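Read through the structure below, which is laid out as structure tokens, and then see the notes.
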Amino acid sequence: RWLVCTCLMDRERRQTKLGYKEGVPVVPLAAIQQFLAALRARDFEGAKKLAFRILTDEPDNETVRMCLPQIDRELKRQEEAVEEEGSDDSDDENDEGSGGGGGGG
């Protein structure tokens, strides 16, 4: 899935010449590179912030816009994983507390 976004971004970068595409200013290459780096590093919060920064400068950037739903899905997945970890940790603490009292008595 992310490969598709990366390939599309590479194509758009090749079409961009000296910061202009068909006479219209586009996002600085550094912003696109940071966005791609964030995706590769699975830093979806950073990627989302960069996506909005890119879309502020170039609202018609369909490539970045297409990546947003997947970024949102990944952020939700990460949130759910953190919530599950939190509930597992609290279960472990309860087990240790009740287990320790039974062995000492």
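The values are calculated or read from the model by the stated rules, or taken from the named source; none is laboratory data. Predicted, not measured: the structure shown is a model, and the values here were computed from it. Counting neighbours? That spans all protein chains shown, and the Cβs are built from the backbone with ideal geometry, glycine included. Heavy atoms of the whole protein, side chains included, go into the accessibility calculation; ligands, DNA and RNA do not. Shrake-Rupley method; radii C 1.70, N 1.55, O 1.52, S 1.80 Å.
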Estimated FRET transfer efficiency (Ala81, Ala37; beta-carbon r; R0 35 Å; 0.05): 0.95
Heads up, I need the accessible area for Asp88: 1.4 angstrom probe, whole protein in place, Å², nearest 10. 90 Å²
